[in-house]
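A.B. asks: Before I ask anything, let me first share the structure, which is written out below as structure tokens.
The values are calculated or read from the model by the stated rules, or taken from the named source; none is laboratory data. Remember, predicted model here, so these are calculated numbers, not experimental data. So basically every Cβ, Gly included, is an ideal-geometry build from the backbone, and we count neighbours across all protein chains shown. When the accessible area is computed, the model is the full protein with side chains, heavy atoms only, and any ligands, DNA or RNA have been set aside. Shrake-Rupley method; radii C 1.70, N 1.55, O 1.52, S 1.80 Å.
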Amino acid sequence: GALGALAKPASGLVLTYFEVDIHNTAQTAKLLVEVVVVKEAMTPSLSSLPLVTTALLSSAPSNRPPCRRLEVCTSPGCVADGALGALAKLRALAPPPPPCSSIDDVADGDNMSTTGAGILVKEGRCASACGSGPVVIETSGPIQRNDDGSDASTTADVRVVHKWIREEALLKLLEGGDGSASISEGLIKGHDLYEQANEQVKLKRRHTAEAAGLYQEAIDSAAGIALSTMTTSTDDAADFILPPNVEWVVDCYRQLATSKLAIFDRDGALEAAEKACEITRSNDVDSLEVMAEVCKTRADNEGELEALKRIFELKEKHETNEDVPRDVALRRREQGFRLASLERTLGE
């Protein structure tokens, strides 16, 4: 009623709507509310809107898990609006939930828990907000899915559809909208430098000394912050799961190694490749491929052979002929020839 009494100003911009399902034994009610955001000076009467929003969100049961879940719409329209970039940045900057402790704790096939502090960021389905992407759907409360992917939740659920999530809006979303949770400035700066380096490599179509400098600055600024969030319940490398917010750091080390090779800094390339393999506990094929290339350039046959062997161990464990892209299959074929050649050379 309070929201219905508010007039929608012509200059307003609709950014978010809340879709609230309230279930109990007596009745089911559904509210659909549009939140209009304008400058406070233009519409002072809307200054009380956050209080109304808080009341809506607090209508859910108090025993919900604290983990926030953000699903980025990756429909073609939102992808054209920059959804993939928003997804990558959210995954990089969001504090991760802890690794799941049981199969019942897994969210939609992911390896991160839906319980415990943190933010789970995933690809999502269309939110029917085409033309206002990137669009992020925030859901609180336990989610259950039918076989066809439709929502089968039997408990109260709040879906918040955030529109135009980029730049400052993206950071505000991660911070909870009210700044109650802060994202490290060093982390933000580091990821921005990483994106700048990637863009430069893309534009120039090659790795350069300038790109290497940007990757190094990104690592110096943010790697320690991101890596400090890593936790694991086991020391077994085979069971190790790389947190989503660390994936970009690993790629930063990989790209740094490639850039160092391009400027003939072989020692620097080896150091960066070793760090990527260390973080991933030699469970990341992309990092191992960079290591193999670095060792080949350094004429380190033993190191190259070790990296190639590990690649094929992981291939047997995770890859099948049905799900491997053609370019990857061709690369594996070349690596197989190289592996056989090294084994003959080294007498293994």
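A.B. asks: For region 176-315, max minus min Cα coordinate along each principal axis, in Å, sorted largest first?
C.D. replies: 55, 40, 21
A.B. asks: As a test question: what accessible area, to the nearest 10 Å², does ASP267 have when a 1.4 Å probe is rolled over all protein chains in place?
C.D. replies: Solvent-accessible area, nearest 10 Å²: 110 Å².
A.B. asks: Right, another one. On the full set of protein chains, 1.4 Å probe, figure out the accessible area of ASP81 and give it in Å² to the nearest 10.
C.D. replies: Near enough 50 Å² of accessible area.
A.B. asks: Sort ARG125, ARG338 by accessible area with a 1.4 Å probe, largest first.
C.D. replies: Per-residue accessible area, sorted high to low, gives ARG125, ARG338.
A.B. asks: What distance in nm separates the simple spin-label points at GLU316 and LEU227, each placed 7 Å from Cα in the Cβ direction?
C.D. replies: With each label placed 7 Å out from Cα toward Cβ, I get 3.1 nm.
A.B. asks: Averaging the inverse of every distinct alpha carbon separation and then flipping it gives the Kirkwood radius. What is it for region 240-291, in angstrom units?
C.D. replies: This gives a value of 10.7 Å.
A.B. asks: Can you give me the pair-distance distribution of region 283-328, C-alpha pairs, 10 Å bins, whole percents?
C.D. replies: Cα pair-distance distribution for region 283-328, in percent: 28, 49, 21, 2.
A.B. asks: Taking a threshold of 21 Å on the Cα-Cα distance, which of the pairs LYS89/LYS189; LYS89/LYS315; LYS122/LYS315 fall above it?
C.D. replies: LYS89/LYS315; LYS122/LYS315
A.B. asks: For region 260-348, what is the accessible area per residue in Å², given a 1.4 Å probe and the full set of protein chains?
C.D. replies: 61 Å²
A.B. asks: Now for a different question. How much length is gained on full extension from ALA262 to ASP192, taking 0.36 nm per residue of separation minus their Cα-Cα distance?
C.D. replies: My answer for the length gained is 23.0 nm.
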